[in-house]
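To start, the structure under review is shown below, and the notes come after it.
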């Protein structure tokens, strides 16, 4: 009987796992924002990776005789003030802008996780680290980034460093707020009573439960970093020319805005679509990982299977 009971238990667990996977796939398919945003973001990533294969032009080659050409079959998005193909510049600029966004999101998430976790667990560190974070948050982000770029110098590496410093305090506070709730759970107190070390409690039990909100926040930081990089480059404090980025392409367009509308419209649309895709992915992940949304979806799914009507 014990063998039969164990086999039945294993089969039941497999069925529950299968049903959970099916329910997760259905929730993903029902989340239109996540799907649309993911497809759009994947399009930008593929375009950035395959940029050299999608265009025959050199993003740095200047042809003065073809400067400020309107969109045509030869230059589908026109040319800039130096005769460079704008479509090519946007493709190569996607590499720079997405690299900055990803680098900032990754570094600020790691640093924010470490700061927020230890601040939530140790009260002494909490007073010190959170006051530093409060001081950084009190400074407008773009002004802090400009000041850091003035001190560090204009380069893509320094842009990532400056924006990481700007966005880390916000992520640290999100992680800290979630970790404070988890820290007071009964199973954490049981681990302490059993003599578990602080390192084990923090990294094996608290950190895994803070990753879901951290992931959602990282997607929003990714989008904000792209906007901030564009703003810095537009102001001349970001990625220096002639390196193509969406921001410095817009920066160059302000001198010819009345002669070449395409130099403003197409880079602007590109930035809007990239940021929109990331925000849609972030909202979709939040809905997917939110247990309240999950419970509501399960109830609605069961209600429909029983033939109910809303």
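The values are calculated or read from the model by the stated rules, or taken from the named source; none is laboratory data. Bear in mind the structure is a predicted one, so any value in this text is a computation, not a measurement. Here the Cβ is made from the backbone with ideal geometry for all residues, glycine too, and neighbour counts use every protein chain on show.
The single condition from (1) assigned to a loop (DSSP other than H, G, I, E, B); (2) in contact with a helix residue (DSSP H, G or I) (Cβ under 9 Å, 6 or more places away or on another chain) that residue 72 fails is (2).
This table checks each residue for (1) within 19 Å of the chain's Cα centre (by Cα); (2) crowded, with 23+ Cβ neighbours inside 10 Å.
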position	(1), (2)
66	no, no
80	no, yes
90	no, yes
99	yes, no
143	no, no
147	no, no
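Residue pairs whose Cβ atoms lie under 6 Å apart, separated by 6 or more positions or on different chains, with the first residue in the range 63-78 and under 15 Å from residue 91 (Cβ atoms) and the second part of a loop (DSSP other than H, G, I, E, B) and modelled with pLDDT of 90 or more, are 75/69; 77/71; 78/69; 78/70; 78/71.
Regarding residue 239, is this residue surrounded by 21 or more Cβ atoms within 10 Å (Cβ to Cβ), modelled with pLDDT under 90, under 21 Å from the mean Cα position of the chain (by Cα) and under 21 Å from residue 92 (Cβ atoms)? Considered against the rule, which asks whether it is surrounded by 21 or more Cβ atoms within 10 Å (Cβ to Cβ), modelled with pLDDT under 90, under 21 Å from the mean Cα position of the chain (by Cα) and under 21 Å from residue 92 (Cβ atoms), residue 239 comes out as yes. Quick one: which residue in 82, 44, 57 is touching a helix residue (DSSP H, G or I) at 6+ places or on another chain (Cβ under 9 Å) and either under 29 Å from residue 219 (Cα atoms) or in a helix (DSSP H, G or I) (or both)? Being touching a helix residue (DSSP H, G or I) at 6+ places or on another chain (Cβ under 9 Å) and either under 29 Å from residue 219 (Cα atoms) or in a helix (DSSP H, G or I) (or both) holds for just one of 82, 44, 57, which is 44.
Per this entry, residue 180 is not counted among residues that are crowded, with 17+ Cβ neighbours inside 10 Å and either closer than 24 Å to residue 136 by Cβ or touching a strand residue (DSSP E or B) at 6+ places or on another chain (Cβ under 7 Å) (or both). Can you confirm whether the range 110-121 contains a residue that is within 23 Å of residue 281 (Cα to Cα), surrounded by fewer than 17 Cβ atoms within 10 Å (Cβ to Cβ) and at pLDDT 90 or above? Scanning the range 110-121 turns up at least one residue that is within 23 Å of residue 281 (Cα to Cα), surrounded by fewer than 17 Cβ atoms within 10 Å (Cβ to Cβ) and at pLDDT 90 or above.
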